[in-house]
Amino acid sequence: MKRAFRFFICVLLVCTMLFASGCGTLSFPDMVEKFDLALTGCDVVIHFRDEMSGGADVYTRLTGDEANAFITAIACGRQINAPKEDYSIHLSASHQIVLESAGSEKMQIFYDEANDWLIAQIAQQKGSNTIMRYYFFRPDPVFHALLDIAAEKRASTEDTDTLQTSSLVLRASITSDMLAQAGTVVDYELYTGSYAYADEASLYHIYTSQELPEVVEGSTGLLVASLGACPTTGYSVNISQIDYTDHLIRVFLHVESPIYPDDEEVVQTYPYVMATCDLDDFPLGLTVAFIDQNYNILDVQTIQMP
């Protein structure tokens, strides 16, 4: 009953804003009309960061009035200038919002919680090639309220163990001071071999001999940092340092995106880097944080020792 009341209040706020402003200065509806995107009657599927990073297939699906209210809240976002060129949407987004109709995907929207940005992904034809364009919006406060409700709906349907071990929970325990603290450097060696899943999904993980006995043994761990499928050439990821502090094991990565995407070859690439390290060098019980050159947390995990 409480959730239903909150949802009703959010819908009422959306309607009030639409009548008050007419959304005349909002560019999202104009963009939808420009690219002929029929979004009425769509379901809204919200994937959270741990699912985007290869975690369990747990998500929230909104239908009917709930979906329409969510789409309306997205439509009230105001367009902003795109960030600097090295910003990576797929690495920084905390939510992936997919609009579906009759089982067919109509549009993908990403939400970057840290920067409070909505990013609409639009596929455009450029000759015989399909180019992805991205449009940035500052979401309306109603969007935040509806996203919180969606998160509650997701949590209420999952078992407690899954939620307690999710990367979202681990992320919440990491402060900016923990990221900036001086650490003890750990040696590692780049690994040029292969394993079955290296290029299949975006993931950041340290595998133990228990998880990959065919690749590593003893106290050796295999570290994998993969960007997953990228739409063009020009993407890369490399390890700059591995260390640990009193609170974290930190894997520092340097991630690059194309400076001029239109100049890159339109072909799906799978950039990744792998390294081996001795897990005995790490204190047990610490959270592993994968961090890019801008101190963004790409993903987190806990090491399950054999």
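Readers should treat all values here as calculations from the given coordinates under stated rules, not as data from a laboratory. Just so you know, these numbers come straight off a predicted model, no measurement behind them. Positions of Cβ are generated from backbone atoms using ideal geometry, with glycine treated the same way; all protein chains shown enter the neighbour counts.
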- How large is the dipole of segment 173-302 about the Cα centre if only Lys and Arg carry +1 and Asp and Glu carry -1, each at its Cβ, rounded to the nearest 20 debye? 240 debye
- Between ASP187 and SER104, what is the label-to-label distance in nm when each label sits 7 Å out along the Cα-to-Cβ direction? 5.8 nm
- Take SER194, project a point 7 Å from its Cα along the Cβ direction, then tell me which residues of segment 213-247 have their backbone nitrogen under 12 Å from it. none
- Per the rule of 0.36 nm per residue minus the C-alpha distance, extending ASN294 to ASP262 adds in nm 9.1 nm
- Query: Once phi is turned into ³J(HN,Hα) by the Karplus curve 6.51 cos²θ - 1.76 cosθ + 1.60 with θ = phi - 60°, what whole-Hz value does each residue of segment 232-238 show in order, with x for glycine and proline?
  - Reply: 9, 6, x, 9, 7, 9, 9
- Query: Residue separation times 0.36 nm, minus the C-alpha to C-alpha distance between MET132 and GLU217: what's the value?
  - Reply: 26.4 nm
